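Below is one structure, written out as structure tokens; comments come after it.
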């Protein structure tokens, strides 16, 4: 029961993060935004869960690599679609998680199948007014959902072997490093002038609050809670709860629009 509560909190923090990611994409490229927020998350976990690192050391690469691919595709896709649509499509990993689990010999009960169907229908109904046509943004977010599903299965396996802090720090650090390298390459080829001008730093300043929320809340706290919860929860039922991030993404987008409307009134 406590694990389910942690997963629900995780879904809420991730859902509201879609608004932050959308705002961040307006000032920074996807790789730079992710590099900063995952680096911030890694630093936060390293100090907040310092006891997890006592007499323990391990280099865990796979979850960070998969998370890098998923987060990069999602962040790029968010720029081309709405936060609500991105939340709904990302929530479709609830379907992919049990499919991937079949290769691991996991059984899917009828109750879980029913919950998955109801979750997908519910996510669609609350987002029915959103733009869900075929587009580059929605396609990228859909592919990212597949990698997020793979990440859920990886966390399920490794969370039983490594401490929460150690696993969280490793995946955040690897994701931040890969994002940094990608950001440098992207800037050198696409916007080399931004590296020597003040435009890049100005973009970071503009995205300060989205980076702060994305780094401390979405990455540092939410992803760490996911690891903690999955030590007890099975992947498929866990995915059903976490896919509720689509609901919170819609609430977050609605609240953001309301705030903008009030500010302009």
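What residue among 201, 62, 36 has the largest mean-square fluctuation in a Gaussian network model of the chain, using Cα springs under 10 Å?
201
Could you tell me which label, among [x] 55, 51, 32; [y] 72, 36, 31; [z] 59, 42, 35, carries the value of Cα extents along the principal axes in Å calculated for this structure?
Label [x] holds the value from this structure.
Note down the relative contact order for the chain as a percent, whole number, built from C-alpha pairs under 8 angstrom at least six residues apart.
This gives 47 percent for the chain.
GNM on the chain, C-alpha springs below 10 Å: top fluctuator among 58, 30, 222?
In the Gaussian network model the winner is 58.
With springs connecting C-alpha atoms under 10 Å apart, model the chain as a Gaussian network and identify which of 79, 33, 47 has the largest mean-square fluctuation.
In the Gaussian network model the winner is 47.
Using only helices, what value at 222 nm comes out for the chain when you add -39,500 (n - 2.57) per DSSP H run of length 4 or more and divide by the total residues, to the nearest 500 deg cm²/dmol?
Here the helix-only value at 222 nm equals -24500 deg cm²/dmol.
Values in this text are rule-based calculations from the coordinates and carry no lab data. Note that the structure is a prediction, hence the values are computed from the model and not measured.
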